[in-house]
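These notes concern the structure reproduced below.
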Amino acid sequence: MTEEIDYDIPTELAEVYLVLLADVSRTGRLLRREELERLRRLGEHCAEAGHGLREVVAHCLAAARRAWQTLPGTTSASSVTELRRTGDAVLAATDAALAALGEGHERAQRLAVRQEEAARREFIDDLLFGRSDLGLLAERAERFGLRLAGAYTVAVAVGDEPFADVHPLVHRVERELAGRFGERDVLLASKDGRLVCIAPDSERAVLDAFAELTLRPGSGRGYQPVRRVATGRRHSGPSGVLRSYEEALDALDYAQRLGLPARQLRAEELLVFPVLMRDRSAMADLVRTVLGPLTEARGGARPLLDTIAVQAEAAYVNAEAARRLGLSVRTLGYRLERIKALTGYDPADALQRFTLETAAMGARLLNWPEQPL
């Protein structure tokens, strides 16, 4: 048998297979190692040519059925016993041959899956890092079901443990989204330990379902709810996906640094923070000037900073602020007087209250006073 045959793979497979059956029917031998390996390679070739395993098996069985009456062992059998012996040998060879073909077919499929996953991972990295030519990126996107000419929005979920593509929750979310919405120009992937969902802005229901499934995944092995989900704003084109992704990451970062209680965030609701941090030196100067005197308080600046923040969160209702801080209303009043005395800013005055709140927010963003300005 020659190693290189130029005609169609199923034809080559049938010829090789029938030559082996003919020899087995005559000798009763088992298939040799090199013959099994060649069948594995043929199984790989069939998979690469787009032939399914069921099709390959049916092809071989049909060829064997047609050839049975003309096999040398069949035509030369002089008794029922010899015919039965030939049949047993041919069936054993068929079983071994089909197993080898299946192994080769599966080997090719596993390689194709790995290659496809590598290409998908490279595309996601390029898309979310903006490292590729935008025109080429748009062409590659179509392979993965995205048409980047439209407007897209990106949602990012972060949990207590990093996500990978094999994480149980990833499979759960992917399965649920596909079941509810079908193939709707949506891409789900893990990136840097976070779970990312990219969807057309017209499919807001997909992003809402993504947030619901990750925040409240229900019972099941490995289905731990995420800490937060943040959604960027809608933007158009390949660069728009990157921009929306970065806005979602920024929202998660601000929520972490500010200790925001919300588990579901939208970038448009947090636009004040990028504005505040656009001029970091100006923000540092504001914190230093307005809140710097708090470091002179007994116990340092932290308790008074927390008081300013909680007062704002409680809408300046002293009883509620005191409850959240675990203080009496009287002690809270004492703290407010100390803030006014040290900074010169009165929380009861609207403009001065705004200045205190902005400075306190800047302090949290800059991690002051733990981190020197």
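Which whole-Hz couplings ³J(HN,Hα) result when phi for each residue of the range 167-179 is put into the Karplus expression 6.51 cos²θ - 1.76 cosθ + 1.60, θ = phi - 60°, listed in order with x for Gly and Pro?
Result, rounded to whole Hz: 5, x, 5, 4, 5, 5, 5, 4, 5, 5, 5, 5, x.
Any chance you could give the angle, 0 to 90 degrees and rounded to 10, that helix 9-27 forms with the longest Cα principal axis of the chain?
50
Out of residues 5 or more away from Gln264 or on other chains, whose amide H comes under 5 Å of its own, with H placed 1.01 Å from N in the peptide plane?
So Gln264 has HN proximity to Val229.
Excluding ligands, DNA and RNA, what is the solvent-accessible area per residue of the chain at a probe of 1.4 Å, expressed in Å²? Before the final figure, lay out each step's value.
On the way: 19970 Å² over 373 residues.
Per residue, the chain has 54 Å² of solvent-accessible surface.
What ³J(HN,Hα) values, in whole Hz, does the Karplus curve 6.51 cos²θ - 1.76 cosθ + 1.60 give for the range 352-368 when θ = phi - 60°, with x put for Gly and Pro?
5, 5, 4, 5, 5, 4, 5, 5, 5, 5, x, 4, 5, 5, 8, 6, 9
With a 1.4 Å probe and every protein chain kept in, tell me what percent of the accessible surface of the chain is carbon plus sulfur.
Working: 10290 of 19970 Å².
On the chain, the fraction of accessible area on carbon and sulfur atoms equals 52 percent.
Only one of the listed values, [x] -0.41, -1.15; [y] -0.56, -1.05; [z] -0.32, -1.20, was derived from the coordinates as log10 I(q)/I(0) by the Debye sum over Cα atoms at q = 0.07, 0.13 Å⁻¹; which label is it?
[y]
What is the magnitude of the charge dipole of the chain about its Cα centre, with +1 placed on the Cβ of each Lys and Arg, -1 on the Cβ of each Asp and Glu, and no other charges, expressed in debye to the nearest 20? All intermediate terms of the calculation are to be shown ahead of the outcome.
Values: 51 positive and 55 negative charges, 298 e Å.
Dipole magnitude for the chain comes out near 1440 debye.
Could you give the size of the charge dipole of the range 227-373 about its Cα centre, using +1 on the Cβ of each K and R and -1 on the Cβ of each D and E, expressed in debye and rounded to the nearest 20? Spell out each step's value before the answer.
On the way: 21 positive and 17 negative charges, 76 e Å.
My answer is approximately 360 debye.
Show me 173-179, 95-101, 355-361 ranked by packing, highest mean number of other Cβ atoms within 10 Å first. Could the numbers behind the result be given before it?
Details: 173-179: 15.6, 95-101: 18.9, 355-361: 20.6.
Peptide ranking by packing, descending: 355-361, 95-101, 173-179.
Using amide H atoms built in the peptide plane, which far-off residues or other-chain residues are under 5 Å from Arg194 H to H?
So Arg194 has HN proximity to Phe163.
Using the alpha-carbon atoms, what tilt in degrees (0 to 90, nearest 10) does helix 237-258 show relative to the longest principal axis of the chain?
The answer is roughly 50 degrees.
Projecting each Cα onto the charge dipole of the chain (Lys/Arg +1, Asp/Glu -1 at the beta carbon, about the Cα centre), which of Gly73, Leu30, Leu207 comes out farthest on the positive side?
Leu207
Using packing as a proxy for protection, rank 84-92, 345-353, 232-240 so that the peptide with the highest average count of other Cβ atoms within 10 Å comes first.
Numbers: 84-92: 15.9, 345-353: 14.0, 232-240: 19.2.
Top to bottom by mean Cβ count within 10 Å: 232-240, 84-92, 345-353.
The values are calculated or read from the model by the stated rules, or taken from the named source; none is laboratory data. In this text the structure is predicted, and so the values were computed from the model without any measurement. When we count neighbours, we look across all protein chains shown, and the Cβ atoms used for this are built from the backbone with ideal geometry, even at glycine. To get the accessible areas, we keep the full protein, side chains included, count just its heavy atoms, and leave off ligands, DNA and RNA. Shrake-Rupley method; radii C 1.70, N 1.55, O 1.52, S 1.80 Å.
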